[in-house]
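First the structure, in the form of structure tokens, and then the observations on it.
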Amino acid sequence: MRRPCMPGTERIWRALCLLCACWLVPCAQAELRLYAWERPPLVMRDAQGVARGLVPELLEAMFARAGLAYTVEFLPLQRALRQVQQDPQARSCVVLVERQQEREARFLWVGPLLISRLALYARADDALQLASLPQAKAWSILSHQGSGAGEYLQRMGLQVHYSNHEALNIGMLRHQRARLWATSRAVAEQGAGGLALREVLPFLTLMEDLACHPHLPDEQLQALRQALQALYVEGQVQALYRRHGVALH
């Protein structure tokens, strides 16, 4: 006669099976979720919603080297930063965040993915000349929401108009609803949708990194940092930048 199972036995077996499955195949919880925001030509989303561009290619190489699985979801930058900080599983990061002292303790950082030379840009047919940032106080400066550049300019006492998408800033320049845009050289040269721009005044150089939850498991953090360092040492990062026609700074 078959003996009845002891109370809780079925639950124990289910837990053991789940543990074995996670041992043999990486659990979904071990997969890192990356939040990206569109910033052509560095990060773009194709018609199928797949991340394209220089930075997604760099991330693919870095995560492959680190042996980690990941997914990419597109969100506006400010919302992505909040999403990572509120992640109960502590397994998420924001792609391409300007690193500043005010943000340093709120995230764990993997980088640099970029070293960006930020400047004020105007339309090529705009003769505006500036010798210093205080001279720009008469104009509203375009920036993206959550931008370290925009926050820096505000601390300097300048007027900043924020948008969730760089395309909106480009449109405002194109239709002459604003005269100045704070952005990096790579974005100004290749991501302006055919609009000819001119650098008016460089004002800041920042590292742009992967900003991760402050409690991301240390083994994953170190694996990513070591993978990126190896890609730099081997020259793969530099080759990727050359292939995309982007300078390292």
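Just so you know, all these numbers are worked out from the coordinates, no wet-lab data involved. Predicted, not measured: the structure shown is a model, and the values here were computed from it. So basically every Cβ, Gly included, is an ideal-geometry build from the backbone, and we count neighbours across all protein chains shown.
Loop-resident trypsin sites (Lys or Arg not before Pro) (DSSP state other than H, G, I, E or B) in segment 116-204 with no more than 14 further Cβ atoms inside 10 Å of their Cβ: ARG177.
For segment 167-183 versus segment 54-86, the inter-centroid distance based on Cα atoms is 28 Å.
Obtain the nm distance between the two label points defined at ALA138 and VAL233 by a simple spin-label model: each point lies 7 Å from its Cα along the Cα-to-C-beta direction. It works out to 5.4 nm between the two label points. Give, as a single signed number, the net charge of other residues whose beta carbon lies under 10 Å from the beta carbon of GLY111, with Lys and Arg counted +1 and Asp and Glu -1. That works out to 0. Please give the net charge around TRP37, taking every other residue with its beta carbon less than 11 angstrom from that of TRP37, where Lys and Arg add +1 and Asp and Glu add -1. Value of the local net charge: 0.
At full extension, ARG177 and GLN145 could sit 9.7 nm farther apart than now, given 0.36 nm per residue minus the alpha carbon distance. Structural descriptor for segment 116-206: relative contact order 51 percent, calculated from alpha carbon pairs under 8 angstrom and at least 6 residues apart. For segment 116-206, the Stokes-Einstein estimate of translational diffusion at 37 °C and a viscosity of 0.692 mPa s comes to 258 µm²/s, using the Kirkwood hydrodynamic radius over alpha-carbon pairs.
Quick one: length gained pulling ALA90 to GLN78 fully straight, 0.36 nm per residue minus the C-alpha distance? Write out the running numbers ahead of the final one.
Details: separation 12, 0.36 × 12 = 4.32 nm, distance 1.78 nm.
Between ALA90 and GLN78, full extension yields an extra 2.5 nm.
On the beta carbon distance between ALA64 and LEU128, with R0 = 35 Å, the FRET formula returns roughly 0.15. MET207 sits among other residues whose Cβ lies under 12 Å from its own Cβ, and their net charge, with Lys and Arg +1 and Asp and Glu -1, is -1.
If you work out Kirkwood radius over Cα pairs in Å from the coordinates, which of (i) 18.8; (ii) 22.5; (iii) 20.0 do you get? So the structure-derived entry is (iii).
So between VAL50 and LEU168, what do we pick up on full extension, going 0.36 nm a residue minus the alpha carbon distance?
Values: separation 118, 0.36 × 118 = 42.48 nm, distance 2.12 nm.
Roughly 40.4 nm would be gained on extension.
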